[in-house]
1. With 10 angstrom as the radius, rank Asp319, Asp220 by how many other C-beta atoms surround their C-beta, starting from the fewest.
2. Please give the FRET efficiency for Gln166 paired with Gln323, using the beta carbon to beta carbon distance and R0 = 22 Å, rounded to the nearest 0.05.
3. Restricting to bridges with both residues inside the chain, how much of the DSSP beta-bridge set is antiparallel, in percent to the nearest 5?
4. For Rg and Dmax of the Cα atoms in Å, several values are listed as [x] 21.8, 79; [y] 18.6, 56; [z] 19.7, 64; flag the one computed from this structure.
5. Figure the gain on full extension for Ala41 and Asp137 (residue separation times 0.36 nm, minus the Cα-Cα span) and round it to one decimal in nm.
6. Return the FRET efficiency for the residue pair Gln175, Thr238: r is the Cβ-Cβ distance, R0 is 25 Å, and the value is rounded to the nearest 0.05.
7. Return the percentage of antiparallel bridges among DSSP beta bridges fully within the range 188-328, rounded to the nearest 5 %.
8. Which aspartates and glutamates does Lys163 reach when only Cα atoms under 18 Å apart count, and residues fewer than 8 places away in its own chain are ignored?
Amino acid sequence: MLRKCCILLTIFLSGLIIACQSPRKQEGVPVVGFVEAFEDATIAQARLGFMDALADSGYSEADGTVTIIHRNAQGDAATLNQIISYFNSEEVDLIGTSTTLATIAAVQRGKDIPIFQTVTAMPTVLGLLAADGDAPDNLFGTGENLDYIDTSFTLIAEMVKPKGKQLTVGMIYNQSEPQSLEAYERIALLADSIGVQLVALPLNSSAEAQLVVRTLLNKDIDAFFANPDNTVFAAFETILKNCNDKGVPVFTSESGLVARGAVAAFGADIYQWGYQSGAQAARYLTVGSTDGLQVEMLHVRRRVYNTEAAQRFGFEFPDTFAQLGAGN
């Protein structure tokens, strides 16, 4: 019996080793590592855009012209670092990173392999600039600054008109994420300048979201602003359900969250964000040089609203806003 168990264990371990073996490199076929910090339906659109851009430039796994190693850290920092170390050990031709945590981890753990970021802020916001004010030499792709948040937040003041009281907007932010903290600070100044009372509560992980959001909803807020950070993306369904149960509309700055149930946004098209970064990566693979490449500002933003959410709260939007529903 013991011998049989040992044999089975040996078979299992052998299979595990084979499953974890490096992809066999073929001469002339580039290898691309792509890492996502966590699992999320909206964020997944960026990877799809990235891969489509590669394919449109002739780099397709289906055609055997590129090898893709895709990994997802499932929200675990240690796993994320292991993935980056694995990419470095495999000497992949480039690394695609999706969301802030993945980009920062890749920059911190490697200086030689080109990194093409997506769904994250510009290096200035991320605090990745060197003492001379330059971004890391191996960082490219597409980023976002926080200017667009102003338009998204002021939309709330245009749409929500509480009777006989000052408009009160709630939000949560991840105090350990630079982009989230800076967005909160910017929104706080903006809210004060337009006469909106902002009630904001910090948290450190998506696991805390339900408790913090329920606390926020007990503070008589008129609307909720879904700040564009990793925690909000990961916990959005929890946020939305609690707000809907209390009759509080959710606004955001990301079109992907509108498709998932937020009322409206002026913000990034996540698929196009990934596509823009992927097109840069494809150019690098074709030319073999990063000359002329840098972290670019995101090109495509959209004004969108969710038809079901708009109907739920009685909002009407002009033709300048595109309609989104579930699955869009």
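1. Final ranking by Cβ density, sparse to dense: Asp319, Asp220.
2. On the way: r = 31 Å, r/R0 = 1.41.
With R0 = 22 Å, the Cβ-Cβ based efficiency is 0.10.
3. Numbers: 5 of 44 bridges.
Here the antiparallel bridges make up roughly 10 percent for the chain.
4. Recomputing Rg and Dmax of the Cα atoms in Å here gives the entry labelled [x].
5. 31.4 nm
6. 0.85
7. On the way: 5 of 13 bridges.
Within the range 188-328, antiparallel bridges account for around 40 percent of the total.
8. Hits, sequence-local ones excluded: Asp220, Asp222.
Every number here is computed from the coordinates shown, using simple stated rules; none is lab data. All values derive from a computational prediction rather than experimental measurement. No Cβ is skipped: glycine too gets one built from the backbone with ideal geometry, and neighbour counts run over all protein chains shown.
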